[in-house]
Structure formats: structure tokens, C-alpha cells
Amino acid sequence: MEEFDVDEWSDSDDEDRQRDFVALLNRAIGEFVRPELYHDRDSGVFFFSKPRDRDNLNHAYRSLQNTTTRRVVGRYGKKRKDPTQASYWRHSAFLHRFVRLGGTWFVEVTPTYHFTHDGRNLDGFAGERLKKIKEIENNAAVMGQFVMWRDFLVTHGRGDLLKESYPFISFDEVGALELDVGVPDGLWTSQESDPSSPLFEFALAGETIEEPPE
């Protein structure tokens, strides 16, 4: 088996080799996020998996100011045929894309949500639910999710006394970008009292969208 230095792939200007390198990065990140996240092949999202022993999951992370927690898996609604069963679960998720800028590789992260009917398999109303939640979330909500995913990617693969660090890929924070122009603070003012808190719990508390008709 012939070995190649990673620089031959990462620094190449050949488009085919760049595509091959991105394919390797995608395989690596898929292993990197396990077992905490599942990958949905159809949509491409990575999402927090539902625990076997409970319906909800909170995730602790370092926010912009302090350590906080966020509801990353939540049970919602009731089924018409069996009110004891959840209508669906909502999972914090993200889409990613590897890009090379100025000779350096970055991962572009887009926060989103994934909806399942049993904690793992896609819900029949996933598209409608995603559209609704995107209509009510604000800039602070998106920022809160992004900060959480950034912290997850930067800290997740680190080793400790019980396990070694993941050897094939790692992530670092990108430094702040300074601009000569600004945006008035009023345009960014959040209507959410605590952007780091679990989002939309009150807004969705009474929501009951039944499972798709058979």
C-alpha cells in the first residue's frame, strides 16, 4: 500500500484531488462526532441522538460568556391514536461543508434541526416542522446554536485519562474578524430574554401535529 503525505492532498490545486480530500474529511468527521451524533444520509445533517433511557437530552457547553446547557433532544406533542406516545422528537443538528480559503481548510457550519418520529427515524412532517421553527427563531437563537456546535467540534475529539484524542481530524476556533464598519445595535437586539436557554419551549408547548395519515 502506497502512502501519501496529507499535504499532497490538502495543498493540491487539482480539482479531482481536492474532491478526494474533501471526501476523506467527510468520512473523518463522521467518525469524529460518534457516538453522540447520528448522520442522516438523505439530508446530510448530523444530529444529537435520543438517549435510550429518557425522552429529552440537555447538552452543556461554553457559551460566549459562561458555561450553560441547551435542550438538544426534546419530545413534543401527542399522537391522536395513542396520547401516551410522543408525536415527534426535535433534535439540534447542523449541516457542514469543507472549504479552502487562502490555502487553509475550514468547515462551514449551518445550525438547523432534525425531526424524528421515534428519536432516530425521520418524521413524516419534518419539512413542515422545520419551516415553522425557522419562521419563529431570531438571530440570537441561530447564534446560540452556532456557538454550541463550535464548542462541540473544538472540544469533542480531545483525549483524556480514559481515551485518546481522535487522530485524523480536529477543529480550532476561527479568530474574530474586525471590520471598519458596524451595524447599529438596535438591529441585532434579541426579543429573547435568554438566548442560551432551550429555544421555543413555550411557543411549542401546546403544539400537536399528528402523525401522517396511513
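Quick notes on this structure:
- Residues that are among the acidic types (Asp, Glu) and surrounded by fewer than 14 Cβ atoms within 10 Å (Cβ to Cβ) within region 102-139 comprise 108, 118, 128, 135, listed in sequence order.
- Within region 26-42, the set of residues being open to solvent by 60 Å² or more (accessible area, probe 1.4 Å) and in contact (Cβ under 8 Å) with a residue 60 or more places away in the chain comprises 26, 31, 36, 38, 42.
- Residues in region 58-90 that are closer than 18 Å to residue 46 by Cα and among the hydroxyl-bearing types (Ser, Thr, Tyr): 61, 88.
- Boolean, residue 68 is more than 15 Å from the chain's Cα centre (by Cα), surrounded by 13 or more Cβ atoms within 10 Å (Cβ to Cβ) and more than 30 Å from residue 15 (Cα to Cα): yes
- Qualifying residue in region 88-101 (condition: of a type in the set (Gly, Ala, Ser), open to solvent by 20 Å² or more (accessible area, probe 1.4 Å) and either out of contact with any Cys (no Cβ under 7 Å at 6 or more places or on another chain) or modelled with pLDDT under 95 (or both)): no
- Residue count for region 52-65, restricted to those that are open to solvent by less than 100 Å² (accessible area, probe 1.4 Å) and either within 16 Å of residue 150 (Cβ to Cβ) or at pLDDT below 85 (or both): 4
- Residue that is farthest from residue 74 (Cα to Cα) [pool: residues in region 157-174 that are surrounded by 16 or more Cβ atoms within 10 Å (Cβ to Cβ) and of a type outside the set (A, V, I, L, M, F, W, C)]: 166
The values are calculated or read from the model by the stated rules, or taken from the named source; none is laboratory data. These figures come from a predicted structure and were not determined experimentally. So basically every Cβ, Gly included, is an ideal-geometry build from the backbone, and we count neighbours across all protein chains shown. Only protein heavy atoms, including side chains, enter the accessible area calculation; ligands, DNA and RNA are left aside. Shrake-Rupley method; radii C 1.70, N 1.55, O 1.52, S 1.80 Å.
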